[in-house]
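Read through the structure below, which is laid out as C-alpha cells, and then see the notes.
The values are calculated or read from the model by the stated rules, or taken from the named source; none is laboratory data. These figures come from a predicted structure and were not determined experimentally. Here the Cβ positions follow ideal geometry from the backbone for every residue, glycine too, while neighbour counts run over all protein chains shown.
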Amino acid sequence: MDGNAVVYTHGAFKANEAKTAHGLIRGSERYNIVAFVDPVFAGRDAGELLDGKHRSIPIFPNVSALEASGLKSGYFILGIANAGGVLNREWFPEIKAAMAAGMGIVSGMHEPMQEVPELAELAKNYQVELVDIRLPKRREALHFWTGEIAKVSCPIVPVMGVDCAVGKRTTAKMLVEACRKMGKKAEMIYTGQTGWMQGWKYGFILDSTLNDFVGGELEHAIVSCWRNEQPDIIFIEGQAAMRNPSGPCGAEFLVSAKATQVILVYPPGRKHFQGWDNWQPIPELGKEIQLIEAFDVPVAGLALNTGGLKPEDARKFKLQYEQEFHLPVALPIEEGVEELAKALLT
C-alpha cells in the first residue's frame, strides 16, 4: 500500500470517462481511497453514488474543502480517462492546490505531467511526486514474444468486450474474487492504468507499449505470474474491443496469450461504439462470438453491462442469451459472477 489517496473527477463522476475512479472505489491494494473531489457531487458518499453501497468515501467540492476537513492524503489521483489521454487544463487549479497541500499527483493520461513545464516546476518547488503511469517503458525493459507461454499449464481466460468501458476489468476482478472464494488460486493480469492503481502484481500498460512488444509484454506477465504464484487460473483484463474503430484490440489476448477460453462482456443497451454514434452499429453479439471463436478459442460465458436498462429488461436479456447461445450469462453488478466462475472451473 502506497498510502492514502484522493480521487479527482471534475464533475464527471457519473460519466463512463470516470471508470478509473469507479475501479478505485471498488477496491485497491495500492492506495487507500479516503475521499473524492468533484464539485458537482460534493456532499455525497462515493460508494453510494456509484452503486448504492456506502463506503465512507466523502466527496468534497475542492481541495480547499478537503484540507479544511482535516483528512490527510499523500496522493491526488486523476480519476478520469478521457479520449486521447490529454491533460485537461481546467483540472490544473485543483492539481496545483493538491501539490500545494503536499500531495503527489497520479495520472493515467497519455500526456505526461512531467513534460508540462508549469506542473513540473511546481512539483519541484513543493517537493512532491508526479506519477505518470502511462510513460512508455524504455526499449531495453521491453520483452519480445518467445513462445515460452507454451509452458503455462493453467487456464488463461481473457475477459473481452464488444466495446470500451463495458466493465471488462471489473468483471475480471470479480471473477478472481469468486474463484478464490471457491478455494482456487486465481490471479489477474492487468493491461491498463487502473489495474496498476488497484495494485495487481502482474501486467503492463498495453496502450503505451510499442506495438512490436505487446505480445511479448503480455507473455512475460503471464509467465511470471504462473512461475511465481502457481495459480489454478489466470484472468486477463481486456482492452477496447475487436472491432472498435478508435482502437481495435483483442487478437493479442487470443493468440499471444494462448487463451483457453473467453468471457465476453456485452452491453445490450448500447447501440453504437462509445463516442462514435455516427459510426456503424455495435456488432451483434452472435457475430462477435463467431469472430472470437474463429481463433479456435471458445467463449465460455457472457457478462452483461446493464447500463441504460431497467432491471426487468436486463433479466430478459440474460434469459434470452442463455437460451440463444447455451452459455452461462451473468449480471455482474446486480448478481455477481459466481455462475461464470463455476463454469470455468468445471
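Taking the criterion of being modelled with pLDDT of 95 or more, in contact with a Pro (Cβ under 7 Å, 6 or more places away or on another chain), over 25 Å from residue 275 (Cα atoms) and not in a loop (DSSP other than H, G, I, E, B), would at least one residue in the range 36-47 satisfy it? There is at least one residue in the range 36-47 that is modelled with pLDDT of 95 or more, in contact with a Pro (Cβ under 7 Å, 6 or more places away or on another chain), over 25 Å from residue 275 (Cα atoms) and not in a loop (DSSP other than H, G, I, E, B). In the condition set (1) at pLDDT 95 or above; (2) out of contact with any His (no Cβ under 6 Å at 6 or more places or on another chain); (3) among the acidic types (Asp, Glu), residue 2 is compliant with all but (1). Hey, any hits in the range 37-50 for a residue that's outside the structural domain of residue 196 (by TED's automatic domain parsing), in contact (Cβ under 8 Å) with a residue 24 or more places away in the chain and small (Gly, Ala, Ser)? Yes, there is a match, as at least one residue in the range 37-50 is outside the structural domain of residue 196 (by TED's automatic domain parsing), in contact (Cβ under 8 Å) with a residue 24 or more places away in the chain and small (Gly, Ala, Ser).
If I ask for residues that are in a loop (DSSP other than H, G, I, E, B) and within 23 Å of the chain's Cα centre (by Cα), which ones from the range 299-327 would you list? Scanning the range 299-327 gives 305, 306, 307, 308, 309. Residues in the range 66-90 that are of a type in the set (A, V, I, L, M, F, W, C) and surrounded by fewer than 17 Cβ atoms within 10 Å (Cβ to Cβ): 68, 71, 83, 86.
Residues in the range 71-78 include none that are out of contact with any His (no Cβ under 7 Å at 6 or more places or on another chain), polar (S, T, N, Q) and either without any contact (Cβ under 8 Å) to a residue 60 or more places away in the chain or closer than 16 Å to residue 18 by Cα (or both).
Any chance the range 289-297 includes a residue that's within 23 Å of residue 345 (Cβ to Cβ) and not hydrophobic (A, V, I, L, M, F, W, C)? Spell out how you get there, then give the answer.
We begin by selecting, within the range 289-297, every residue within 23 Å of residue 345 (Cβ to Cβ); these are 289, 292-293, 295-297.
Okay, now just the ones that are also not hydrophobic (A, V, I, L, M, F, W, C), so 293, 296.
Yes - at least one qualifying residue is present in the range 289-297.
State whether one or more residues within the range 133-143 are at pLDDT 95 or above, over 25 Å from residue 32 (Cα atoms) and basic (Lys, Arg). Checking the range 133-143: not a single residue is at pLDDT 95 or above, over 25 Å from residue 32 (Cα atoms) and basic (Lys, Arg). Scanning the range 282-295 turns up no residue that is under 21 Å from the mean Cα position of the chain (by Cα), basic (Lys, Arg) and either under 28 Å from residue 204 (Cβ atoms) or modelled with pLDDT of 95 or more (or both).
Answer yes if at least one residue in the range 176-183 is touching a Gly at 6+ places or on another chain (Cβ under 9 Å), modelled with pLDDT under 95 and either among the hydrophobic types (A, V, I, L, M, F, W, C) or in a helix (DSSP H, G or I) (or both), and no otherwise. For the range 176-183, residues touching a Gly at 6+ places or on another chain (Cβ under 9 Å), modelled with pLDDT under 95 and either among the hydrophobic types (A, V, I, L, M, F, W, C) or in a helix (DSSP H, G or I) (or both): absent. Filtered by the rule that a residue be assigned to a helix (DSSP H, G or I) and either over 22 Å from residue 39 (Cβ atoms) or more than 26 Å from the chain's Cα centre (by Cα) (or both), the range 100-118 gives 100, 114, 115, 117, 118.
Here residue 268 clears all of (1) modelled with pLDDT of 95 or more; (2) over 16 Å from residue 162 (Cα atoms) except the condition numbered (2).
The sole residue among 223, 176 that is surrounded by fewer than 24 Cβ atoms within 10 Å (Cβ to Cβ), in contact with a strand residue (DSSP E or B) (Cβ under 7 Å, 6 or more places away or on another chain) and β-branched (Val, Ile, Thr) is 176.
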